[in-house]
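Structure record follows, encoded as C-alpha cells.
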Amino acid sequence: MDEEVGPAARQDQWKSYCRTVSLLAFQSFGVVYGDLSTSPLYVFKSALSGRLNDYRDEATIFGLLSLIFWTLTLLPLLKYIVIVLGADDNGEGGTFALYSLLCRHAKFSLLPNQQSADEELSTYYQPGVGGTASSPFKRFLEKHKKLRTCLLLFVLFGACMVIGDGAFTPAISVLSAISGLKDPAPGGIPDGWVVFIACVVLVGLFALQHRGTHRVAFMFAPIVVIWLLSIGAIGLYNIIHWNPRICLALSPHYVVKFFKITGKDGWLSLGGVLLAMTGTEAMFADLGHFTAASIRLAFVGAIYPCLVLQYLGQAAYLSKNTSVVENSFYQSVPGPLFWPVFVIATLAAVVGSQSIISATFSIVKQCLALGCFPRVKVVHTSRWIHGQIYIPEINWILMVICLAVTLGFRDTTLIGNAYGLACITVMFVTTWLMALVIIFVWQKNILLALLFVVVFGSIEAVYLSASVIKIPQGGWAPIALAFVFMLVMYVWHYGTRRKYLFDLQNKVSMKWILTLGPSLGIVRVPGIGLIYTELVTGVPSIFSHFVTNLPAFHQVLVFVCVKSVPVPFVPADERYLIGRIGPREYRMYRCIVRYGYKDVQKDDENFENHLVMSIAKFIQMEAEEAASSGSYESSEGRMAVIHTEDTTGTGLVMRDSSDGAAGTSLTRSSRSETLRSLQSIYEQESGGLSRRRRVRFEIAEEDRIDPQVRGELADLLDAKEAGVTYIIGHSYVKARKNSNLLKTFAIDYAYSFLRKNCRGPAVALHIPHISLVEVGMIYYV
C-alpha cells in the first residue's frame with residue numbers, strides 16, 4: 001500500500017510545484033520583463049544611426065540581426081538564465097546580493113559593528129555551504145583594506161548605474177512608444193508634441209508610485225503577455241511576407257561578414273545593438289519576488305522566442321525597406337494593427353519603467369542598510385508582498401532627472417547611448433562579482449572563474465568600449481549621474497565610519513563605571529532608559545556626558561544598538577540579542593536589534609513589550625545556567641539570542657488591560673499625571689498609537705523562581721510601569737584642526753550638509769517624540 005501512496009504523493013507535490021512555478025512565471029512578465037520586451041521599439045534605429053547610414057543594405061541588416069541574436073543567446077540566456085540565477089542570496093538577487101554573499105564567506109565587509117554572533121543566523125550561510133576554506137588569494141584580499149574599499153566602490157558604482165537605469169529606462173521606453181504618433185498618417189504630429197505627451201505620461205507614472213505596484217500587479221502581466229504575443233505574431237508575418245531568407249542570418253558567419261564590410265563603423269554600432277539586452281539585469285535583481293525556476297520558465301518559454309521572432313521580422317522588413325530605419329518598428333506593423341499595437345506598446349513601456357523604478361528603490365534601500373546612503377523615508381507599500389517599497393525623495397529626484405533627459409535629448413538615439421552605457425556597466429560589474437562568488441562561495445577552482453570572466457567579460461568589454469566612444473553623444477549623462485550619487489554615498493559612508501571609530505576609541509571604561517557603584521554616583525529614578533548607540537560592545541561616551549551633566553538616571557538602563565547584517569532578511573525570532581553590562585545589581589543591559597539589507601524597519605508598536613520580555617527571558621536563562629554550573633556570577637559580555645515570539649521561560653505573564661482599569665500599564669506609560677495627560681494627547685493626535693494593544697506584566701506565580709531573579713524581575717516591571725525614556729545623541733561632527741583640506745571639506749561641509757538635509761536618527765528609528773531626550777555631542781574626527 002505504501003509503495004502505491006508514495007509515487008502518488010510525489011506526483012501531487014510535483015503538480016503543486018508546477019502550478020506554483022507557472023503562476024510565478026506569469027506574474028514575472030509584469031515585473032521582470034517589461035523593460036527587456038520593449039527593446040524592439042528602438043534597437044534597429046539606434047544601431048543603424050550614425051556612420052552605419054552609409055551601409056543600409058541587406059548584408060548589413062543580416063549582420064546586425066545575427067549580432068542581436070547571438071547577444072541575446074550568450075548574455076541573457078547563457079550567462080544569466082543558466083549561471084547567474086544560481087548565485088542567489090537566500091532567494092535574493094542583484095549586485096548587493098553578490099556583495100553580501102562575498103562579505104559572509106570572506107572578511108570583505110567594511111561595516112564596522114559586525115560580530116561573530118551574526119554568523120549563527122539561520123540565513124547567514126546557504127544550505128549545504130559553510131565558511132570558505134582559507135586560501136592565499138582570500139588572505140591577500142582580506143589583509144589589504146584598500147582592496148576591500150575598492151570592492152565596495154566597485155559595487156556602489158554598479159548601484160549608481162542601476163539608479164541611472166531608473167532615470168533612462170522610463171525616458172527611452174515611453175518616448176519610443178509615443179514616437180509612433182509621428183507617422184500614423186501623412187500628417188503626423190510634430191516632435192515637440194511627442195516630447196510633451198511623453199513628459200505628461202512620465203509625470204503620471206512617477207505621481208502614482210506612492211500607491212505601490214501591488215495594486216496593479218495582476219494587470220501588468222497580461223499587458224506584457226499580449227505585447228509579446230503581438231510582436232511575435234507580427235514578426236512571424238513579416239518573415240513570411242517580406243523575406244524568409246532572413247532565417248539564414250542566425251548563422252554566426254554573418255557576424256564575421258558584417259565586421260568585414262563595416263569595419264570600425266560596425267564596432268561603433270554595438271552601442272545600439274546592446275540595447276537588445278537592456279533589462280537583463282532585472283531578471284537577477286528582481287529574483288526576490290519570484291523563484292529562479294519561474295524566471296527561467298518565462299524567459300525560455302515566451303520572452304526569448306517572441307523577441308527572436310520580432311527581430312527576425314523587423315530585419316526582414318528592413319532588408320526590403322532600408323529607408324524607414326527612423327521608425328522601423330511601427331513601419332513594420334501592418335496598417336490595420338497600428339493603433340492596437342501603439343496602445344499596447346505604450347502600456348508595455350509604462351510597465352517596463354515601473355519595474356526598474358521599483359528596483360531603484362530597492363537598491364537605495366540596500367545602500368541605506370550598508371551605511372552608504374543618507375537616511376531617507378522608506379514606505380512599505382504592500383501588506384502581503386515583502387520588499388515592495390516606495391522612497392518619496394528618490395521618486396521625485398528620478399522624475400526630475402527623467403524629465404530633464406527627455407527634454408534635453410529629445411531623441412531616443414542619444415538617450416539610447418546613455419542608457420546602453422549604464423546597462424552594460426552594471427552587467428560588467430556583475431561578471432566580476434560573479435567570478436569572486438565562484439571562487440569564495442561556490443568554492444570552485446580559480447581557473448573556472450577566469451574562464452567565466454574571459455568568455456562573458458570579453459564580450460561585455462567589447463560592447464562597453466563601443467559605448468564609451470559615444471560619451472560625447474549622450475554617454476556622459478550616466479557617468480555624471482553616477483559620479484554625483486557616488487560622491488554622496490562615499491561621503492556619507494566615510495563620515496558615518498569616522499563617527500563610529502570616534503565612539504569606539506572613546507568608550508567609557510568598565511573600571512570607571514565600577515568605581516561609581518550600583519547607583520553610578522547619582523540618583524537612580526524609576527523608569528527604563530533606552531540609550532541608543534552604534535556600538536555593539538562597551539559603553540558609549542554619550543553616557544558619561546549625560547551622567548556628568550545630570551544628577552539622576554533611570555533605575556534600569558538598556559543600551560540599544562540597531563544594526564544591519566549582510567543578509568537579506570533576519571528572522572523575527574533571531575532579531576534580538578540580549579546581554580548584561582556590569583554586575584547584576586547595576587541593572588544595566590544591552591539589546592542589539594539586527595536587520596537584513598532587505599528588511600524594512602517598521603514602527604513596531606510592541607517594541608517595548610518585546611524588550612521587557614526579552615530581558616526577562618535573558619535573566620531567567622542566565623539564572624538557569626548559573627544554577628547548573630553552581631555559580632551565581634553575572635555573565636558580563638555574554639550575548640544571547642532571545643526568541644521574541646516565544647514568551648515561555650520569561651517568568652512573566654503578559655495580560656491585556658482595559659482602558660479604564662486601575663494600574664493600567666500603557667505602552668508608553670508614566671506615573672507622572674502631567675506626563676500621562678501629555679501622553680494621552682499625543683496618542684490621540686498620532687492616530688494609530690491610541691489603538692495599540694495595552695498590556696500589563698505580572699511575575700508568574702512559580703515557587704521555583706530564585707529570590708534574586710524575582711527581585712530583578714520586580715525591578716524591571718516597576719521600571720516599565722514608571723515609563724520608558726529614549727535617549728539619543730544629537731551629534732555635531734567636525735574635522736580635527738590638523739586635518740587636510742579634502743577631509744575638512746568632506747566632513748565640515750559635504751557630510752554636514754547631508755546630515756542636515758536627511759531624516760533625523762530619531763525619526764528613522766521610529767522613536768516617539770513624547771519620550772525622547774536628545775544629548776548634544778561634538779565629534780572631532
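Tabulated data
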read-out	value
The stretch 598-634: number of residues that are of a type in the set (Phe, Trp, Tyr), modelled with pLDDT under 85 and surrounded by 15 or more Cβ atoms within 10 Å (Cβ to Cβ)	1
Breaking point among (1) farther than 21 Å from Ala249 by Cβ; (2) crowded, with 22+ Cβ neighbours inside 10 Å, for Ala8	(2)
Some residue of the stretch 62-85 being more than 20 Å from the chain's Cα centre (by Cα) and over 25 Å from Gly457 (Cα atoms)	yes
Conditions (1) farther than 22 Å from Ile469 by Cα; (2) surrounded by 15 or more Cβ atoms within 10 Å (Cβ to Cβ); (3) not β-branched (Val, Ile, Thr): number failed by Leu248	(2)
Which listed residue is under 14 Å from Leu41 (Cα atoms) and in a helix (DSSP H, G or I), from Val325, Val300, Val351, Val333	Val325
For Pro374: the one exception among (1) open to solvent by less than 20 Å² (accessible area, probe 1.4 Å); (2) part of a helix (DSSP H, G or I)	(2)
Some residue of the stretch 734-755 being in contact with a helix residue (DSSP H, G or I) (Cβ under 9 Å, 6 or more places away or on another chain), outside any helix (DSSP H, G or I) and surrounded by 19 or more Cβ atoms within 10 Å (Cβ to Cβ)	yes
Checking Ala316 against (1) crowded, with 20+ Cβ neighbours inside 10 Å; (2) closer than 25 Å to Val201 by Cβ; (3) of a type outside the set (S, T, N, Q), the condition it does not meet	(2)
Listing of helices (runs of 4 or more DSSP H) fully contained in the stretch 388-495 that carry 1 or more residues being open to solvent by 10 Å² or more (accessible area, probe 1.4 Å) and touching a strand residue (DSSP E or B) at 6+ places or on another chain (Cβ under 8 Å)	392-409
Residue in the stretch 358-375 that is without any contact (Cβ under 8 Å) to a residue 24 or more places away in the chain and in the same structural domain as Val200 (by the TED database) present	yes
Residue in the stretch 755-763 that is of a type in the set (A, V, I, L, M, F, W, C) and farther than 25 Å from Ser544 by Cβ present	yes
Some residue of the stretch 141-148 being open to solvent by 50 Å² or more (accessible area, probe 1.4 Å), part of a helix (DSSP H, G or I), on the phi < 0 side of the Ramachandran plot and at pLDDT 85 or above	yes
Qualifying residue in the stretch 510-520 (condition: open to solvent by less than 40 Å² (accessible area, probe 1.4 Å) and basic (Lys, Arg))	no
Condition met for Ser16 (in contact with a Phe, Trp or Tyr (Cβ under 7 Å, 6 or more places away or on another chain) and not in a loop (DSSP other than H, G, I, E, B))	no
Checklist (1) open to solvent by 10 Å² or more (accessible area, probe 1.4 Å); (2) touching a residue at least 24 places away in the same chain (Cβ under 8 Å) applied to Gly263, failing item	(2)
Flag if Gly527 is open to solvent by less than 10 Å² (accessible area, probe 1.4 Å), farther than 15 Å from Tyr500 by Cα and of a type in the set (Gly, Ala, Ser)	yes
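The values are calculated or read from the model by the stated rules, or taken from the named source; none is laboratory data. Predicted model, so just to flag it, every value in this text is computed and none were measured. Glycine also receives a Cβ, built like all others from the backbone with ideal geometry; neighbour counts cover every protein chain displayed. Ligands, DNA and RNA are stripped out before the accessible areas are found, and what is left, the full protein with its side chains, is counted by its heavy atoms. Shrake-Rupley method; radii C 1.70, N 1.55, O 1.52, S 1.80 Å.
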